[in-house]
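Asks: Below is a structure I'd like to ask you about.
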Amino acid sequence: MKGNFSLIMLRLGSIVLQLVYIKIYTNFLTAEELGRFFYLIALSYSANALVFIPLDYYQQAKLIAFYDKPVPIKAFLGLNAKAALIALIFVTVVGSIFWHYSKIEMHEIPQVLLYSALLHVCTASRNLLNNLHRRLFVVVALILEALLRGGLFAGSQLFRPPTAETLFQTAIIAYAIEALIIGYYFKKNVPISQDSTYRLSMRDAAIASYPVSFSAVCNWIQIQAYRLVYVGLGFASIAGIYATVANVGSVGMNALAQIASQILTPRLYRSQGTYLLKYLTIAVGLVFTAIVGYAVLGQLVLKILTRETLAAYWPILLFGASVEGLNFLIGIITTYLTINQKATQLVTANLLGVVAVLVSFYAVYLYDLSNVYLIGIPLLVSQLVVCLHLFYLTQINNR
């Protein structure tokens, strides 16, 4: 209990720093620049959805066998190197298409790849260390990340005017520094085996994780693709307002989710999925708490964390918290299905989610595309459809 309390307090500290970071960039950037920043983030995250997220689900499941013995690091590094090559090809092709239609600058394409790869390195390493019971360091790494992102962007104002690209570039540098520190810690504190006999096949990883990859891509379409559409159609300011305010809502929800995940996800792995129902019960309670909190204090929160002009859009916080909360529940069930080798069941659920978001978005397009409040409806509907269908599948599997 004492250890968990310390982790929670430190995690809350990292959340405060993330909110300070939001305060910094929302006061420096215009709504249009904010839209452009989240546009670049969405492009970067497409590679994570297709390649890196499913890879991490696969390798975390494989690492269960090494929680109490040395990790055969060569096998995992080799697997990640191959995945990085696939991501490089994907980003180059997609980036070239966007460049051809003047939707991205040529020099931004390698930046998109770097952001994607470094985000994966940091996230996957923290997940591994958390499952290896190095939870304290994981929280310290998150605190360091928030300090670096905020400090580097604020410091960059001494040399160049604030832009979306500056915010994006300083985030890349922050991730690079964090990755180096995590790598040093891993080398010094985690038992590593140089055994070359243990092998991981990219083909096996692809076969095992393609349902997760499909699901992650669908999830990206449901949650982030609107940024590309709105910016591409000339509504960068609308996208910037929604993304910024919704992000504040998702940060608060994600904070509760990360605390729960850090403590409870290892239990789900160790129990081989039998801990699922209790985990979901706790998670639903946390989602409800976050939504009620924003409903009561939303406008005040935005006045403190952003600028006055954005506080008027406080209802968007409820969309941000709800969508992130449903994503949290979906992630728990995805982990459960992966552990029990039933990840193929994710395909139907996510197809339903994509259909729901496309139909809902088309309705918004016909009604009023410039209404910032309507952006969240397709996102929320699609996530709710996926979550309910996945929960239904867990009940079928447990009969």
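Asks: Pull up all non-local amide H partners of residue 71: gap of 5 or more, or a different chain, and H-to-H distance under 5 Å with H placed in the peptide plane.
Replies: Hits under the 5 Å cutoff: 192, 193.
Asks: Between 147, 346, 43, which gets the highest mean-square fluctuation from a Gaussian network model of the chain, Cα cutoff 10 Å?
Replies: 147
Asks: Same structure again: Quick one: accessible surface of residue 173, probe radius 1.4 Å, all protein chains present, in square angstrom to the nearest 10.
Replies: About 80 Å², ignoring ligands and nucleic acids.
Asks: Quick check: net charge around residue 256, other residues with Cβ under 12 Å of its Cβ, Lys/Arg +1 and Asp/Glu -1?
Replies: Details: positive: 11; negative: 324.
Residues near residue 256 contribute 0 overall.
Asks: Then there's this: If I compute solvent accessible area with a 1.4 Å probe over the protein chains, what percent of it on the chain is carbon and sulfur?
Replies: Carbon plus sulfur share of accessible area: 68 percent.
Asks: Continuing with this model, one more query. What is the set of long-range amide H partners of residue 235 at a cut-off below 5 Å, with H atoms built 1.01 Å from backbone N?
Replies: Sorted by chain and number, the residues that satisfy this come to none at all.
Asks: Given 62/103; 23/188; 278/342; 62/82; 62/278; 62/187, which pairs have Cα atoms separated by over 28 Å? Spell out each step's value before the answer.
Replies: Details: 62/103 39 Å; 23/188 36 Å; 278/342 20 Å; 62/82 17 Å; 62/278 24 Å; 62/187 20 Å.
From 62/103; 23/188; 278/342; 62/82; 62/278; 62/187, over 28 Å: 62/103; 23/188.
Asks: Still on this structure: Express the relative contact order of region 1-200 as a whole percentage, based on alpha carbon pairs under 8 Å and six or more residues apart in sequence.
Replies: Reported relative contact order: 39 percent.
Asks: So what are the ³J(HN,Hα) numbers for region 290-295, from phi and the Karplus equation (6.51, -1.76, 1.60; θ = phi - 60°), rounded to whole Hz, Gly and Pro as x?
Replies: So the Karplus estimates, Gly and Pro as x, are 5, 5, 4, x, 6, 5 Hz.
Asks: Can you work out the Karplus-derived ³J(HN,Hα) for every residue in region 316-331? Use 6.51 cos²θ - 1.76 cosθ + 1.60 with θ = phi - 60°, whole Hz, and x for glycine or proline.
Replies: Each residue's phi maps through the Karplus curve to give 5, 4, 5, 5, x, 5, 5, 5, 5, x, 5, 4, 4, 5, 4, x Hz.
Asks: At each listed q (0.08, 0.10, 0.13 Å⁻¹), what is the log10 of I(q)/I(0) that the Debye formula gives for the chain modelled as equal alpha-carbon point scatterers?
Replies: For the chain, the Cα-only Debye profile gives -0.40, -0.65, -1.19.
Asks: Can you run phi through the Karplus equation (6.51, -1.76, 1.60; θ = phi - 60°) for region 227-241 and list ³J(HN,Hα) in whole Hz, with x for Gly and Pro?
Replies: The phi angles translate into 5, 5, 5, 5, 5, x, 8, x, 10, 4, 5, 4, 5, x, 5 Hz.
Asks: Express the relative contact order of the chain as a whole percentage, based on alpha carbon pairs under 8 Å and six or more residues apart in sequence. Show your work: numbers first, answer last.
Replies: On the way: 489 pairs, mean separation 98.8, N = 399.
It rounds to 25 percent for the chain.
Asks: If you roll a 1.4 Å probe over the heavy atoms of the protein chains, what accessible area per residue do you get for region 207-398, in Å²?
Replies: Ligands and nucleic acids excluded, the figure is 41 Å² per residue.
Asks: Suppose each label sits 7 Å from its Cα in the direction of the beta carbon; what would the residue 272-residue 229 distance come out to in nanometres?
Replies: 4.3 nm
Asks: Could you give the distance between the Cα centres of region 319-333 and region 84-113, to the whole Å?
Replies: 29 Å
The values are calculated or read from the model by the stated rules, or taken from the named source; none is laboratory data. Note that the coordinates shown come from a computational prediction; the quantities given were computed from them, not determined experimentally. Virtual Cβ from ideal backbone geometry, glycine too; neighbours counted across all protein chains shown. Accessible surface areas use protein heavy atoms only, side chains included; no ligands, DNA or RNA. Shrake-Rupley method; radii C 1.70, N 1.55, O 1.52, S 1.80 Å.
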